[in-house]
Amino acid sequence: MTVLYTYTIDPDYVYAETVGRVINVLEFESGKEKRIMRGSARRRFSLKYDMIDETKMDSILDFFNITSGALQTFYWTNPLDDAKYTCRLSGDEIDISNPAHDQYNVSVSFVEDI
């Protein structure tokens, strides 16, 4: 995997960081269960930008477009722990609202790419 980009647009804050595993649960007729772990734990990050100007919003949109949404991986350094992660956008959309003239709220979610 070749990583071509680095996300450098600091958020107002990282308002959620989640670590989770994917577990398959097989249930048998007897009532017993077998649990199988699928893959390694992945971190998920939700970033929030409040009342940013159009220039910063355009930078976020430009990054979204060059990574083709969730298609391309990129590096991101979490400001909470200064760790560098290889990530991709969690989906093919980002949330943008316009609560005031020339001010925008943007939410972006990343998932660690393992």
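Just name the residue that is farthest from the chain's Cα centre (by Cα) out of those in segment 91-114 that are surrounded by 12 or more Cβ atoms within 10 Å (Cβ to Cβ) and either of a type in the set (A, V, I, L, M, F, W, C) or within 16 Å of TYR5 (Cβ to Cβ) (or both).
ILE96
For ASP102, indicate whether it is over 25 Å from ARG38 (Cβ atoms) and either without any contact (Cβ under 8 Å) to a residue 12 or more places away in the chain or in contact with an Asp or Glu (Cβ under 7 Å, 6 or more places away or on another chain) (or both).
Against the criterion (over 25 Å from ARG38 (Cβ atoms) and either without any contact (Cβ under 8 Å) to a residue 12 or more places away in the chain or in contact with an Asp or Glu (Cβ under 7 Å, 6 or more places away or on another chain) (or both)), ASP102 qualifies.
Give the number of residues within segment 98-110 that are touching a Phe, Trp or Tyr at 6+ places or on another chain (Cβ under 8 Å) and within 18 Å of ILE9 (Cα to Cα).
7
Mind checking which residues of segment 48-68 are crowded, with 17+ Cβ neighbours inside 10 Å and under 10 Å from PRO11 (Cβ atoms)?
TYR49, ILE52, ILE60
Residue under question is THR86, and the condition is that it be closer than 16 Å to VAL3 by Cα, loosely packed, with under 15 Cβ neighbours inside 10 Å and out of contact with any Pro (no Cβ under 7 Å at 6 or more places or on another chain); does it hold?
Yes.
Read the figures in this text as sums done on the coordinates, not as results from a lab. Because the structure is predicted, anything quoted here is derived from the model rather than measured. A quick note on method: Cβ atoms are made from the backbone with ideal geometry, for glycine too, and the neighbour counts reach across all protein chains shown.
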